Every structure is written in C-alpha cells, then in structure tokens.
C-alpha cells in the first residue's frame with residue numbers, strides 16, 4: 001500500500017498498523033531518561049469543578065512515564081484543617097523517577113476567612129512567582145531536546161513544568177495577570193508549561209495559551225457538607 005492510497009480502502013489490520021503504535025497493545029516498560037519531540041505548548045486548566053490539579057498531575061505522571069523530566073510547583077496548597085499533612089500525590093511522586101515537586105503555599109486559603117494570615121498568602125504567592133521565573137529561566141539554559149537526569153535538580157532544566165494554582169493566585173490579586181503573561185513570554189520553545197487554578201475565566205490567557213480547558217462543576221459532595229477525602233482530594 002502506498003502513501004497515496006485512500007485510508008478508507010485499508011483493512012482494519014492495515015489501519016492499525018498505520019497508527020503510531022502499529023496496532024500493538026500498550027504495555028509498561030522500564031522508565032529511561034528521554035526527550036520529548038513535540039513539547040513546547042502552554043496549557044491552562046480553570047473552572048469551578050474538581051479535576052484541574054488532577055488533570056495536570058495525570059499529564060505529569062504520563063510524561064515522567066516516558067522518561068521526560070517533570071516538576072510540579074504548587075502556589076496555593078500549603079495545607080488546611082480539612083486535609084492531612086501527607087498528600088497521596090507526593091508519595092507517588094517520590095516513588096516515580098523523573099518527577100519532583102515543591103509546595104510554596106501558606107497554610108489555609110486566601111480570602112476564605114479561615115484565620116490564616118492574608119499578608120503571608122501574598123508573600124508566599126510572590127515567592128512562588130519568583131521561583132517559577134527561576135525554573136523557566138533554568139529550562140531556557142538547558143538543552144530540552146536531550147534527555148535530562150531523572151534525579152537532577154529542576155534548576156538543571158525540566159521538560160514539563162506544572163504551576164499549580166497560579167491562575168488562582170492571579171485571580172485573587174496575589175500576583176498580576178501581567179506576571180503570568182510575562183512568564184509565558186519568557187518560556188523556552190521546548191518547555192511544556194501547564195497552568196491551573198481560578199474559578200473565573202482567565203480571558204487574558206486566551207491568546208497566549210495553546211490549550212484552555214474549563215472544568216465545570218455539575219455536582220459536588222462538598223455541597224452536601226462532605227469534607228475532603230483521603231485518596232480523592234489529597
């Protein structure tokens with residue numbers, strides 16, 4: 001069959017063989033350092049529904065599973081009285097090569113009248129922004145077209161950087177929307193950048209981001225007074 005053949009003339013077996021996987025059932029392989037061929041986009045996940053961080057973590061683990069270097073920087077998740085101090089995702093990250101995390105958030109939640117220090121929220125968010133700028137600059141100094149050390153510091157470069165809750169920090173006025181846009185503008189071409197957070201649409205990102213997804217709530221057990229559950233929310 002030639003490249004010019006109509007795909008509709010293929011048998012099911014031929015169609016499967018023409019896919020990137022060649023029709024072979026997926027299996028798990030050992031993780032070895034590798035470099036992505038098509039990274040470099042900007043993704044934004046926002047909305048009032050559950051799943052923004054979960055989606056970002058799913059991509060992070062998927063990328064790490066291919067041997068790419070991944071780092072998660074969390075802006076607004078310093079802890080709360082509804083969750084334990086140990087997070088399931090942190091335990092999983094520690095067990096998987098090539099993915100690391102850091103949490104720069106202040107205890108509590110900004111604007112929720114939970115007794116936490118609002119000035120400290122501001123300071124922590126601005127510190128997280130400075131850290132994000134540092135990590136993006138470091139990625140610019142690295143060769144992202146080559147494999148990176150799975151155990152290397154994120155300052156040595158990462159292929160995928162997740163900035164969790166950065167959009168919420170901007171929505172709350174802890175950092176400026178312009179700061180987020182400047183961060184995107186400074187991103188090296190091969191760095192995949194994932195931004196999450198905010199219940200309000202980040203319209204300022206519509207031209208700057210390649211993918212914008214709204215996670216909409218239809219129903220949530222929180223509305224019935226169910227608190228965060230171990231293994232689903234943390």
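State whether the residues of the stretch 176-194 include one that is over 18 Å from the mean Cα position of the chain (by Cα), closer than 18 Å to residue 132 by Cα, in a loop (DSSP other than H, G, I, E, B) and at pLDDT 95 or above.
Yes, the conditions are met somewhere in the stretch 176-194.
Residues to consider are 105, 115, 127; find the one that is modelled with pLDDT under 95 and either within 24 Å of residue 216 (Cα to Cα) or in a helix (DSSP H, G or I) (or both).
127
Looking only at the stretch 140-158, which residues are buried (at least 19 other Cβ atoms within 10 Å of the Cβ) and part of a helix (DSSP H, G or I)?
The one that is buried (at least 19 other Cβ atoms within 10 Å of the Cβ) and part of a helix (DSSP H, G or I): 154.
I'm checking my understanding of the structure. Among residues of the stretch 60-76 that are buried (at least 20 other Cβ atoms within 10 Å of the Cβ) and not in a strand (DSSP E or B), which one is modelled with the lowest pLDDT?
Across the stretch 60-76, the extreme among qualifying residues is 76.
Scan the stretch 27-40 and report the pairs whose first residue is on the phi > 0 side of the Ramachandran plot and whose second residue is in a loop (DSSP other than H, G, I, E, B), with Cβ atoms within less than 6 Å and a gap of 6+ or a chain change.
Partner pairs satisfying both residue conditions: 40/189; 40/190.
For residues that are within 19 Å of residue 76 (Cα to Cα) and out of contact with any helix residue (DSSP H, G or I) (no Cβ under 8 Å at 6 or more places or on another chain), scanning just the stretch 173-198, find the one that is surrounded by the fewest Cβ atoms within 10 Å (Cβ to Cβ).
Ranking the qualifying residues of the stretch 173-198, first place goes to 178.
Examine the stretch 31-47 for a residue that is over 30 Å from residue 152 (Cα atoms) and at pLDDT 80 or above, and state whether such a residue exists.
Yes, because at least one residue in the stretch 31-47 is over 30 Å from residue 152 (Cα atoms) and at pLDDT 80 or above.
Take the conditions at pLDDT 95 or above and surrounded by fewer than 17 Cβ atoms within 10 Å (Cβ to Cβ) and apply them to residue 137. Does it pass? Break it down into steps so the answer makes sense when it comes.
Values: at pLDDT 95 or above: yes; surrounded by fewer than 17 Cβ atoms within 10 Å (Cβ to Cβ): yes.
Against the criterion (at pLDDT 95 or above and surrounded by fewer than 17 Cβ atoms within 10 Å (Cβ to Cβ)), residue 137 qualifies.
Assuming residue 206 fulfils every condition listed in (1) within 17 Å of residue 44 (Cα to Cα); (2) in contact with a helix residue (DSSP H, G or I) (Cβ under 6 Å, 6 or more places away or on another chain) apart from one, which condition is it?
All conditions pass for residue 206, except number (2).
Quick one: is residue 234 surrounded by 11 or more Cβ atoms within 10 Å (Cβ to Cβ), more than 23 Å from residue 148 (Cβ to Cβ), at pLDDT below 95 and touching a strand residue (DSSP E or B) at 6+ places or on another chain (Cβ under 9 Å)?
Judged against the criteria, residue 234 is not a match.
How about the stretch 162-175: which of its residues are assigned to a loop (DSSP other than H, G, I, E, B) and more than 27 Å from residue 98 (Cα to Cα)?
172, 173, 174, 175, listed by residue number.
For the subset of the stretch 199-212 comprising residues that are assigned to a loop (DSSP other than H, G, I, E, B) and touching a residue at least 40 places away in the same chain (Cβ under 8 Å), which member is surrounded by the fewest Cβ atoms within 10 Å (Cβ to Cβ)?
210
The values are calculated or read from the model by the stated rules, or taken from the named source; none is laboratory data. Please read all numbers here as calculations on a predicted model, not as lab measurements. All Cβ positions, even for glycine, are placed from backbone atoms using ideal geometry, and neighbour counts span all protein chains on display.
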